[in-house]
Amino acid sequence: MVVNFLSRLDAWLGKTLFHPPIILACQLTHQSQHAMSRALWFFACCHATYYIRDDGWGWAVFMWFWTIWAFISATAFADWETRSMGWFRFLIWSLIMLEIPAMLMAGHIRAAAVRDVIILFAEYAATIKTIPPRRKREAKTRAQEARI
């Protein structure tokens, strides 16, 4: 019962909050949803690498390797199919929910929350089956607007 509710909630959140801007970005850049997912993962890795500088050399080295892998993946394998797992999206949503009290107490948006939102966009981009063609205005309408 709870799992069914969470999966329906996940599908609704993806379709109403995340899919429209991802589809628009894919249409404007002429990229596939898989390329967009990999590019967003690379962006999330770059964001994490920038903010990891205070956490020690071990984490910094790990993040640099992950960022390099994300870059290679985004450039060499951009259009390969990507998969998103519901449990991972649930984990990221949980991390965001844990960040909300910290953001309210701190009074500003924390870097971890921004990174989690970028990761959610990357994961929801992987759930899109196909990108619909962009709607274009009719040439006749544009011609009439130009005359007026």
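Below is a table of values for the structure above.
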| item | result |
| --- | --- |
| In region 71-110, trypsin sites (Lys or Arg not before Pro) in a DSSP loop with at most 15 other beta-carbon atoms within 10 Å | R83, R110 |
| Positive-pole candidate from M105, Q27, S84, dipole of region 1-127, charges at beta carbon | Q27 |
| Only Lys, Arg (+1) and Asp, Glu (-1) charged, at Cβ; the chain dipole about Cα centre in debye | 820 debye |
| Virtual spin-label span in nm between Q27 and D54, 7 Å along Cα→Cβ | 4.1 nm |
| Residue range of the chain that is longest and free of GluC sites (Glu not before Pro) which are both DSSP loop and sparsely packed (at most 10 other C-beta within 10 Å) | 1-80 |
| 20 °C / 1.002 mPa s Stokes-Einstein diffusion coefficient of region 1-81, Kirkwood radius on C-alpha pairs, µm²/s | 147 µm²/s |
| Folded to 0 to 90 degrees: helix 2-13 orientation relative to the chain principal axis, Cα | 50 degrees |
| Cα→Cβ-extended label distance, 7 Å offset, between V3 and A78, nm | 3.8 nm |
| Answer label, with Cα extents along the principal axes in Å calculated from the coordinates and candidates (1) 128, 61, 22; (2) 70, 30, 24; (3) 63, 41, 34 | (3) |
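Only the coordinates and a few stated rules stand behind these numbers; no lab work does. Please read these numbers as outputs of a predicted model, since none were measured by experiment. Using ideal geometry, Cβ is built from the backbone for each residue, glycine included, and neighbour counts are taken over all protein chains shown.
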